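Any read-out appearing in this document is the output of simple, stated calculations on the displayed coordinates, not a laboratory observation. The model shown is predicted, which means the values in this text are computed figures rather than measured ones. Neighbour counts run over all protein chains shown; Cβ positions are idealised from the backbone, glycine included.
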Amino acid sequence: MVNYVTLNQRKVCFWQQNGQDIPLVFLHGYMETHAVFTSFIEQYLPNRNVIAVDIPGHGKSEMLSSTQSMPQIAAQIVALLDVLNIESCSLYGHSMGGFVSQEIARLIPTRINVLGLLHSAVYADTEEKKGNRLREINMINDGKLPLIAFAFMPNVVADCNYERLKPTIDQWIADVETMDPKGIVSCLHAMMGRNDNRSLLNGDVPIHLIYGDMDSFLPLIAVREMEKGTAVKHLSLMENCGHASFIECPAALAKAILSI
């Protein structure tokens, strides 16, 4: 069920499923919304208490500022958890959502039972990556957001999964066209300026690292480096999978999450 709440004078959109056990909280990736998770949750996690949130600047959640930061976004999500009386949760962030999740874990470490990095890394942007994001900001400001979505979204899944998932990818592309371009830009600024969070790898919050063997965005070398961390208690390989296990291999992802 989709709900809205106003926090810090900004609207936050979230989807909620009532169920049992400690809540699972899902945060989506770049140019996505909470809706990328709903079919997965309803089919594979039907009995769990789950929250899926539109990150500020995406979907129906309003950005906090035109150059918002990851800590600001994280604080807004924590405010939502407070309003919903969620004292502890397992937090799974997909790609960009993983960046937000890391900041949440820094803010409220004792309330996070598991930090799930769903195709997401702890490292800050390189200078090359920052330059790419700046070029993307300029393209969006020139009205080319639909073109970017058309080029970007098919790469989220592995080539071997694209044809069967094309209707879903096409819907994601259409959904991007309904979003505020300024909100997308605000999240690009947040990603460019985000902290290097590799200290979490040896911190107190248990980490569940989930990766695909055909991921175009998360290099295997980064996974191998992260898995050395003492906080990485759970490591899940999604086979024949790109950057979106929740649609590419949802049964395997659910099994991994429910095994913890």
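Here the gap between D170 and K130, fully extended at 0.36 nm per residue and compared with their Cα-Cα distance, gives a gain of 11.7 nm. Screening the chain for whole DSSP H helices of 18 Å or more along their axis (Cα) with average Kyte-Doolittle hydropathy at least -0.5 returns 70-83.
What number, rounded to the nearest 500 deg cm²/dmol, is the helix-based mean residue ellipticity at 222 nm of the chain, given -39500 (n - 2.57) per DSSP H run of at least four residues and division by all its residues? Mind dumping the intermediate values first?
Working: 10 runs with 109 residues, N = 260.
Helix-only estimate at 222 nm: -12500 deg cm²/dmol.
Extension gain for the segment F150 to R198, taken as residue separation times 0.36 nm less the Cα-Cα distance, is 14.1 nm to one decimal.
Counting other C-beta atoms within 10 Å, which of I140, I221, I41 has the fewest, and how do the rest follow?
I221, I140, I41
Shape class of region 148-223 from the Cα gyration tensor (axes a ≥ b ≥ c, square roots of the eigenvalues): oblate, since a/c reaches 1.5 or more and a/b does not exceed b/c. Please report, to two decimal places, log10 I(q)/I(0) for the chain at q = 0.08, 0.10 Å⁻¹ as given by the Debye formula with identical point scatterers on the Cα atoms and no solvent. The Cα Debye sum returns log10 ratios of -0.27, -0.43.
Got a sec? How would V156, V78 order by Cβ neighbour count within 10 Å, fewest to most? Walk me through the numbers on the way to the answer.
On the way: V156 28, V78 17.
Sorted ascending by nearby Cβ count, the order is V78, V156.
Taking a ≥ b ≥ c as the square roots of the eigenvalues of the Cα gyration tensor, region 25-123 is rounded, since a/c falls below 1.5.
Which pairs break 28 Å Cα to Cα here: K11/K233; K60/K130; K11/K228; K130/K228; K60/K233? From K11/K233; K60/K130; K11/K228; K130/K228; K60/K233, over 28 Å: K11/K233; K11/K228; K60/K233.
As a rough footprinting exposure proxy, the listed residues H243, H94, H234, H189 were ranked by other beta carbons within 10 Å of their own, and the order from fewest upward is H234, H189, H243, H94.
Putting +1 on Lys and Arg Cβ atoms and -1 on Asp and Glu Cβ atoms, find which of M153, P181, A231 reaches farthest to the positive end of the dipole of the chain. Of the candidates, A231 comes out farthest on the positive side. Once you reduce region 60-115 and region 123-141 to the center of their Cα atoms, the two points are 23 Å from each other. About its Cα centre, region 2-258 has a charge dipole of approximately 380 debye under the convention of +1 per Lys or Arg Cβ and -1 per Asp or Glu Cβ, with nothing else charged.
With a ≥ b ≥ c taken as the square roots of the eigenvalues of the C-alpha gyration tensor of region 176-260, please select rounded if a/c is under 1.5 and otherwise prolate if a/b is larger than b/c or oblate if it is not? Oblate, because a/c is 1.5 or more while a/b does not exceed b/c.
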